[in-house]
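The values are calculated or read from the model by the stated rules, or taken from the named source; none is laboratory data. Predicted model, so just to flag it, every value in this text is computed and none were measured. Cβ sites come from the backbone with ideal geometry, for glycine too, and all protein chains shown count toward neighbours.
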Amino acid sequence: MSGSEPVAEGVWRAPGAAAATAARLIVSESGTATVVDAEAGAVLAEAAIGQVEVSARVGSIPRHLTFPGGSDFETRDNDAIDRLRDRHLGRHGGLVHGLEAFRPRLLVFVAVTIGLCVLIYRFAVPALVEVAVWSTPPAVSDLMGRSVLTSLDTLVFQPTELEEERRDRLQEAFAGLVATAGAMRGEAPSPAYRLHFRKSAQIGPNAFALPDGSVILTDELVLLAADDDMVLGVLAHEIGHVEHNHSLRQIYRLAGVTALIMLIGGDIGAATEDLLLQGSALVALSHSRAAETEADRFSVELMHRAGRDPEAIARFFELLRDRVGFGADVAILSSHPATQDRIDATRAYAREIAGTDR
Ligand SMILES: [Zn+2]
């Protein structure tokens, strides 16, 4: 019995017996639990510790170790029994063994969870954005447009100082572009396009479109442009952003999944409030490169159809490049990088369109 150690003093009862015998629990290094008579030293019960059922610790209530066959060792030495559990059952028995069996499942679970998150961001968010764009009632777009313009008016805009004559001429030409865009669109419902003139020293030469069809044009852009067609080429580009719902998509992408689900689920009040907060950040945003290309091509097509210079938008970017340079810190350049690639692609598309007519 070398390596055996007395673990706890207590009493032993034969199966079903009421009479208790003073006894001692001994456990060997190899994990054999033996109950011996405290006085005579006779073996009363013996089993591998893993086969002994140990009662849970509940306050200072005596612990019971039930041996196979039903005999019972009872002790008040709770700490000793806990040490026994840690040492022997921990190594040979349930707990650690259970964790080892669980680890592969845990890893699979974590991997699946991460995978699902990636899938949601990769596929579900764009899908939700498309559903939200498709199901946005015009009233929500209107509200967004109005509130964004109102907040911009207090933040960065001053009333226009352009001559009325120039404004009237541009308004009329803008209405012509909108009508042509309507003809290109066919039967689909048309956004309520409106051209707003504003002066803005902070923003400089710029134009942008809100989801409801409001297009804002700064005096600075009109004054920079060499002719009306350049201004109209830019406006046609902005109409392209509206026709393709670029702003709405941009806002929805920012708004996040919760607002999208609320919106699609019909909780328009709460969702709109959330979206309006995002909408105010709209000016600071830039569209994706793909959206910019789409709007450039739309400008070329629309200007061509309206009988105006389809290369006007390219000429405007060239002017911007020559006046302020590609890398200048001008708001319109951060949202509309006037790169040579962009100018070349737009000119090539204009020539392609003109070519198909001949
Ligand atoms: Zn753009």
Looking at Ala201, Ala188, Ala179, Ala192, which is the one that is in a helix (DSSP H, G or I) and among the small types (Gly, Ala, Ser)? Ala179
Go through region 10-32 and count every residue that is touching a residue at least 40 places away in the same chain (Cβ under 8 Å) and either assigned to a loop (DSSP other than H, G, I, E, B) or farther than 14 Å from Arg83 by Cα (or both). 10
Quick check on region 57-73. Is at least one of its residues on the phi < 0 side of the Ramachandran plot, modelled with pLDDT under 90, among the charged types (D, E, K, R) and assigned to a helix (DSSP H, G or I)? no
Subset of region 134-157, residues in a helix (DSSP H, G or I) and either buried (at least 20 other Cβ atoms within 10 Å of the Cβ) or at positive phi (or both), comes to Val140, Ser141, Met144, Gly145, Val148, Leu152
Check off (1) away from the ligand (no atom under 16 Å from the Cβ); (2) under 30 Å from Glu130 (Cα atoms); (3) touching a Phe, Trp or Tyr at 6+ places or on another chain (Cβ under 7 Å) for Leu162 and give me the number that stays unchecked. (2)
